[in-house]
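Before any comments, here is the structure.
We did not get these values from a lab; they are worked out from the coordinates using the rules stated. What you see is a predicted model; the values in this text were computed from it and never measured. Note: ideal-geometry Cβ built from the backbone for every residue, glycine included; neighbour counts use all protein chains shown.
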2 protein chains.
Amino acid sequence: MNVTGHTRRSASIRDVATAAGVSYQTVSRVINDSPSVKPSTRDRVLAAIDELGFRRNSTALALASGRSRAVTVLTSNTTHYGYASILQGIEEAARAVSYDVGVGVLESADAADEAAVAAQVRRAADAGGGLIVIAYDPAGVRALGAVPAGLPVVGVVETPASPPGGDRPWVWTDDREAAYEVTRHLLALGHETVHYVAIPSSTRRTGARTTGWLQALREAGAPEPRPVQGSWGPAGGHAAGLRLAKDPGVTAILCGNDDLALGVIRALHETGRTVPGEVSVAGFDDAPHSAYLTPSLTTVRLDFTGLGRSAFALLHGVLEDSAPIAPHPVSVPELLVRESSGPPPGRR
Amino acid sequence: MNVTGHTRRSASIRDVATAAGVSYQTVSRVINDSPSVKPSTRDRVLAAIDELGFRRNSTALALASGRSRAVTVLTSNTTHYGYASILQGIEEAARAVSYDVGVGVLESADAADEAAVAAQVRRAADAGGGLIVIAYDPAGVRALGAVPAGLPVVGVVETPASPPGGDRPWVWTDDREAAYEVTRHLLALGHETVHYVAIPSSTRRTGARTTGWLQALREAGAPEPRPVQGSWGPAGGHAAGLRLAKDPGVTAILCGNDDLALGVIRALHETGRTVPGEVSVAGFDDAPHSAYLTPSLTTVRLDFTGLGRSAFALLHGVLEDSAPIAPHPVSVPELLVRESSGPPPGRR
DNA sequence: GCTATGAATGTGACCGGTCACACCAGGCGC
DNA sequence: GCGCCTGGTGTGACCGGTCACATTCATAGC
């Protein structure tokens, strides 16, 4: 209808009001479906809304009401499979209730220094709405710690060493249990012990996966080798694998994630050790490609997407204080035995 | 200072104004560093800002000024390595100029149907700010098409078949050239021809990668087999690999991405064909793990992070109409020859 | 018949900024 | 000595909603 097509600012509630012959407040009541609007009036308003193509301005809503129907996800990296899956789960749950999802990456070029992390937290806090911090690694933990009190926040964390005090808004998958399971699987195959290549833990001491691994070793009375510190990527696994390959006593290696396992397998291959013939390797996370590796990777699947959904649900409950902080629906990790694990050399 | 610690609403410009003994407008001038403020006044205001811990409310800014210093990224999936890297690049560039980054996932549970995509675009549009659509696949392309005219948007697309008309706000990496390079590499090894397992293309007909592959075949006068339609994940590659493995004439396979290549290699392995002994396989994208596969994967690296940065830079230029749409800084794809490609069987 | 009650609707202020414009002083030109 | 410009500052309206409260009208209770 107007020639200068674009930038025709969209209709406001006052436009709708005049079109429907009511006051703007009545329009506000209709879009918030307040019960105290006469059905006939409501219909007139709805018709006007439809005709003018009215859409409620979320910015104005946020400013006026204080609540912003938005959540910011803080993560050290978006490309790791697990993190990306959590993000996707959060988005899915958020979309279902019309929340916007923002992302902040902590891993800055300058090595995730304290100041940069703090700045990101401030930015996220400024954005209003809630906060979900993926606190699996040092940067994430630092961020979670830097969140000012009073801000609605949910942490996605490793299995806490002890059940968190009361109503801590945290979610996690049971990766301690998962590590325990895989380790037991390897021990059951006849390995004398299981070595562990760790991911950078969220805590200074030992992460949940390390704990689960150790627990299984102890219960079996197996020797407890020192965990090898890896990084996140396959390169770290490769380095760790080269070191472990030097020790002929190593017959089973558990890795903190599938990428590490990949690097370890590669290193073993380069040093002429066969998998699973001489050394068994198991991963963690069940990345999409792990089933298609050669050998396919024994690993344990964690429901990251579900974890993201839970995290959002929890935050949503806090924001609308409807739900009294739901119990963390910890999904059960699923052990996937594939080709990369088998009995130790002279034992079949 | 106050006992009920939280919810102490942060200072507004009027608070700062009274503290500094000036009007709120002067405070506004200071935070927007307008030149027409007497230095002494400015100092007083800055001191007050500092003391009260004032931070400009971005919601109010957006409402009052119209511009929102935010960008929403629409992608069909956050877990694909390429997409996640683009997102990370965008976030990095956005953070540098204090823009917020939102994400919308197109791949809904109900198979990315038209209506869901349109809804996501509407939501993103409502969020204000700019839009970056990752339009490498059908869902993304549909989303890009559904963006209403007049909305600032940048598309991350496949290499266009023809140079885009004038100043289309698009960015891309030269994946046609990349495909051309890999194909030539395989042909140069002595393969009679190269088969292709395609990713779902953004266009109904043939994608840029397919085009580059075909171009290399034509120039070499090689037979032009029909591309095998794959999906994104390794499962699709596996299925395609099983089909290709039946044909003893197949000695070289190019895959639309590294995950497909992984599936193909797995399928070849299962059917008893060796890589690269009997069949050479090459991928696309250089995912982080590709170098650590056994055999390590010949592939071509595309700078996704840089692509994301470019996309944001372009959008930023549009939003602040400062830059007159910069030339798309197409980074050069880098061919990485690794173990998975070699000469064909009786030819060395 | 007159007020108490409640359903339906309207009014004004407000959230925290920006924008357009008004205002006021002082220096300059004539 | 008057007008004009210009640097520095203040005022009011506005963005598009929400919130608290006021108002209107019909019905019920006495």
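Structure summary
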{"item": "Estimated 222 nm signal from helices in chain B, with DSSP H stretches of n ≥ 4 weighted -39500 (n - 2.57), rounded to 500", "result": "-13000 deg cm²/dmol"}
{"item": "A:Leu336 long-range amide H proximity, modeled H, under 5 Å", "result": "A:Thr299, A:Val300, A:Arg301"}
{"item": "Distribution of pairwise C-alpha distances over the stretch A:63-134, 5 Å bins, in %", "result": "3, 16, 26, 22, 18, 9, 4, 1"}
{"item": "Most mobile listed residue (B:Leu46, B:Leu319, B:Leu307) in chain B, GNM with C-alpha springs under 10 Å", "result": "B:Leu46"}
{"item": "Equivalent ellipsoid semi-axes, the stretch B:46-85, via Cα gyration tensor eigenvalues times 5, rooted, Å", "result": "35, 15, 6"}
{"item": "Binned Cα-Cα distances of the stretch B:238-322, short to long, each 5 Å bin given as a whole percent", "result": "3, 14, 23, 16, 11, 7, 7, 6, 5, 4, 2, 1"}
{"item": "For chain B, built as a Gaussian network whose Cα springs stay under 10 Å, the top-fluctuating residue of B:Ser65, B:Ser76, B:Ser34", "result": "B:Ser34"}
{"item": "Stokes-Einstein diffusion coefficient of the protein assembly as shown, Kirkwood radius over Cα pairs, 20 °C, 1.002 mPa s, in µm²/s", "result": "78"}
{"item": "Whole-Å semi-axes of the stretch B:13-56's equivalent ellipsoid (Cα gyration tensor)", "result": "14, 10, 9"}
{"item": "Karplus (6.51, -1.76, 1.60) ³J(HN,Hα), θ = phi - 60°, over the stretch A:258-267, in Hz, Gly and Pro reported as x", "result": "5, 5, 4, 4, 4, x, 5, 4, 4, 4"}
{"item": "Cα centre as origin, Lys/Arg/Asp/Glu Cβ charges: chain B dipole, Debye", "result": "640"}
{"item": "Percent of beta bridges antiparallel (DSSP, the stretch B:175-302, rounded to nearest 5)", "result": "0"}
{"item": "Other copies of A:Gln229: label-to-label distances in nm, shortest first, labels 7 Å along the beta-carbon direction", "result": "5.1"}
{"item": "Highest-fluctuation residue, A:Glu51, A:Glu278, A:Glu177 considered, GNM on chain A with Cα pairs under 10 Å", "result": "A:Glu51"}
{"item": "Amide proton proximity set for B:Val197, modelled H, under 5 Å, gap of 5+", "result": "B:Val228, B:Leu254, B:Cys255, B:Gly256"}
{"item": "Size of the stretch A:39-193 as Cα extents on the principal axes (Å, biggest first)", "result": "78, 38, 33"}
{"item": "Principal-axis tilt of helix A:175-188 within chain A, Cα atoms, nearest 10 degrees", "result": "30"}
{"item": "The stretch A:14-169, relative contact order in percent, only Cα pairs under 8 angstrom and at least six apart counted", "result": "18"}
{"item": "Value of relative contact order over the stretch B:13-56, rounded to a whole percent, pairs C-alpha under 8 Å and six or more apart", "result": "42"}
{"item": "Cα-based convex hull volume of the stretch B:175-302 per residue, rounded to whole Å³", "result": "91"}
{"item": "Angle between chain B longest axis and helix B:114-126 axis [Cα atoms, degrees, rounded to 10]", "result": "30"}
{"item": "For the stretch A:265-312, size of Cβ-based charge dipole, Lys and Arg +1, Asp and Glu -1, in debye", "result": "60"}
{"item": "The stretch B:156-162 - phi-based ³J(HN,Hα) in whole Hz, Karplus 6.51/-1.76/1.60, Gly and Pro as x", "result": "9, 10, 6, 3, x, 4, 10"}
{"item": "Per-copy distances of the A:Leu335 label point, shortest first, in nm (7 angstrom along Cα→Cβ)", "result": "4.7"}
{"item": "Of every Cα-Cα pair in chain A, the percent that sits beyond 36 Å", "result": "36"}
{"item": "Exam field: B:Asn32 pseudo-label spacings to other copies (7 Å along Cα-Cβ), nanometres", "result": "3.0"}
{"item": "Cβ-based charge dipole, chain A, positive-most Cα from A:Val194, A:Tyr83, A:Ser23", "result": "A:Ser23"}
{"item": "Proximal aspartates and glutamates to B:Lys246, defined as alpha-carbon separation beneath 14 angstrom and excluding residues fewer than eight positions away on the same chain", "result": "B:Glu270, B:Glu278"}
{"item": "Label-to-label distance, nm, for residues given as A:Asp321 and B:Glu192 (7 Å Cα→Cβ offset)", "result": "7.6"}
{"item": "Normalised contact order of chain B, rounded percent, pairs of Cα under 8 Å and 6 or more residues apart", "result": "16"}
